[in-house]
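**Q** Quick one: the structure is below, and I'll ask about it shortly.
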Amino acid sequence: MTPPFNFRSLDLNLLRVFDEVMAERNLTRAAANLSITQPAVSNALRRLRELLDDELLVRKGHGVEPTPRALAIWPVVRQSLEMLQESLVPDSFDPATATSPLVLAMADSTAATLIPSLVEIVEREAPGLALRVVPLINRDPRHLLNEASADLAVGYFPAVLADLTAEAQSGGLPEYETRRLYDGQYVAVMRKGHTLANGPLSLDDYCNARHLLVSFSGQAWGFIDEALALLGKQRRIALTVNQYATAARVVAHSDMVTVLPKHFVPLTGIADQLQQQPLPLDVTAVHVDALWLRRSRHLAATAWLLGAFQRAAHALV
């Protein structure tokens, strides 16, 4: 029979190791981040497993996968460690000497729009900083921030902003913060010479066309379909992809019509093969926002990166 857990016997270093492995889902990367050996990481996890009487993390492929118990306790462990660090060692960030990697969650169109200008700023002011861009799989990146899979998410997150606004209006303190980077709009895009490429695009002609939908999640339903449903209309989706760049190349060589952010069309590299038209229905403007955890583990670095993103976005105007 396993003896009852005694909190006084807990070595807090075990929680630091657990937190890093949960963030990375990989023992080798966690060991590198902690500046210890992989056997030391494995030993720490073994001791924590014995104390908590749970496997916590099990091997899967080249990494590890958390158990339900690990997922349940990790938010508390992370918040406690962050509060302790904030009290003892205030967060700081010097871009000129920074080498820690930062992870960004973005769609390809947003990355193509902002990353080139952002890289110019980073190369000039933070040459040692390593950035990694991971794709969005839907328009709600909160799980990526909660799991520390991303430090900052940039994109169009209408449902998230609605939730945060409602929470603030009810007197709560949202876990996340946001900042508007730029506004844009969506346009209908098709190949040059398409039958709908010249003249005003009517709603009926638009609905009767064959459509290519860009869906991060893979679901064959998007905000355009929601807007059409309110008008009692629907369109026929012939193909669904998860990248705007792919959509642009497909419509350039087919009779399908897609919807792209207007800012992105010149960045496709094939804008001379494309024709854009105003959408024949009212849709919400594209509000591209930065989203991050209020208690991010890299809060000072995130603050600097946010300022760099704002300067990159300003170059769009």
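The values are calculated or read from the model by the stated rules, or taken from the named source; none is laboratory data. Treat the numbers as computed from the prediction; the structure is a model and nothing was measured. Ideal geometry is used to build each Cβ from the backbone, glycine not excepted, and the neighbour counts take in all protein chains shown. Ligands, DNA and RNA are stripped out before the accessible areas are found, and what is left, the full protein with its side chains, is counted by its heavy atoms. Shrake-Rupley method; radii C 1.70, N 1.55, O 1.52, S 1.80 Å.
**Q** Would you calculate the volume per residue, in Å³, of the smallest convex hull containing every Cα atom of the chain?
**A** 182 Å³
**Q** Starting from the Cα-Cα distance between LEU173 and SER149, subtract it from 0.36 nm times their residue separation and give me the gain in nm to one decimal.
**A** Going from the current span to full extension adds 6.4 nm.
**Q** Spelling out what I want: for every residue of segment 258-263, take phi, set θ = phi - 60°, compute 6.51 cos²θ - 1.76 cosθ + 1.60 (Karplus), and round to whole Hz; glycine and proline get x.
**A** So the Karplus estimates, Gly and Pro as x, are 10, 10, 10, x, 4, 4 Hz.
**Q** When the accessible area of the chain is computed with all protein chains present and a 1.4 Å probe, what percentage of it is carbon and sulfur? Walk me through the numbers before you get to the answer.
**A** Numbers: 8870 of 16740 Å².
Roughly 53 percent of what the probe reaches on the chain is carbon or sulfur.
**Q** Determine which lysines satisfy two conditions relative to LYS262: a Cα distance under 22 Å, and not lying fewer than 8 residues away in the same chain.
**A** LYS192
**Q** Under a crude label model (7 Å from the Cα following the beta-carbon direction), how far is TRP221 from ARG295 in nanometres?
**A** The modelled label-to-label distance comes out at 3.6 nm.
**Q** Can you tell me the equivalent ellipsoid semi-axes for segment 33-114? Use √(5λ) from the Cα gyration tensor, largest first, whole Å.
**A** In descending order the semi-axes read 29, 20, 15 Å.
**Q** OK, next. Among PRO200, LEU293, ALA227, which residue has its Cα positioned farthest towards the positive end of the charge dipole of segment 168-317, with +1 placed on the Cβ of Lys and Arg, -1 on the Cβ of Asp and Glu, and the dipole taken about the Cα centre?
**A** The residue sitting farthest along the positive end of the dipole is LEU293.
**Q** Further question on the same structure: Would you please classify the overall shape of segment 90-145 from the alpha carbon gyration tensor, given that a ≥ b ≥ c denote the square roots of the eigenvalues, rounded means a/c under 1.5, and beyond that prolate means a/b larger than b/c while oblate covers the rest?
**A** Oblate, since a/c reaches 1.5 and b/c is not below a/b.
**Q** Under a 1.4 Å probe, what is the accessible area of the chain per residue, stated in Å²?
**A** Here the residues of the chain average 53 Å² of exposed surface.
**Q** For VAL283 and VAL134, what is the calculated FRET efficiency with R₀ set at 25 Å and r taken between the beta-carbons, to the nearest 0.05?
**A** Working: r = 27 Å, r/R0 = 1.08.
Calculated transfer efficiency: 0.40.
**Q** Related question: Treating only the Cβ of Lys, Arg, Asp and Glu as charged (+1, +1, -1, -1), what charge dipole size does segment 51-144 show about its Cα centre? Round to the nearest 20 debye.
**A** Computed charge dipole of segment 51-144: roughly 300 debye.
**Q** May I pose another question? Taking a ≥ b ≥ c as the square roots of the Cα gyration tensor eigenvalues, with a/c under 1.5 meaning rounded and otherwise prolate when a/b beats b/c, else oblate, which class fits segment 159-317? All intermediate terms of the calculation are to be shown ahead of the outcome.
**A** Values: a/c = 2.48, a/b = 1.69, b/c = 1.47.
Prolate shape, in that a/c is at least 1.5 and a/b is the bigger ratio.
**Q** Starting from a Cα-only point model with no solvent, please compute log10 I(q)/I(0) by Debye for segment 247-288 at q = 0.31 1/Å.
**A** -1.24
**Q** Shifting gears a bit: How big is the charge dipole of the chain about its Cα centre, in debye rounded to the nearest 20, if each Lys and Arg gets +1 on its Cβ and each Asp and Glu gets -1 on its Cβ? Provide the component values of the computation, followed by the final result.
**A** Working: 29 positive and 33 negative charges, 113 e Å.
In debye, rounded to 20, the chain gives about 540.
**Q** Can you tell me the length gained on complete extension of the stretch ASP53 to THR28, counting 0.36 nm per residue apart and subtracting the Cα distance?
**A** 6.6 nm is the gain from fully extending ASP53 to THR28.
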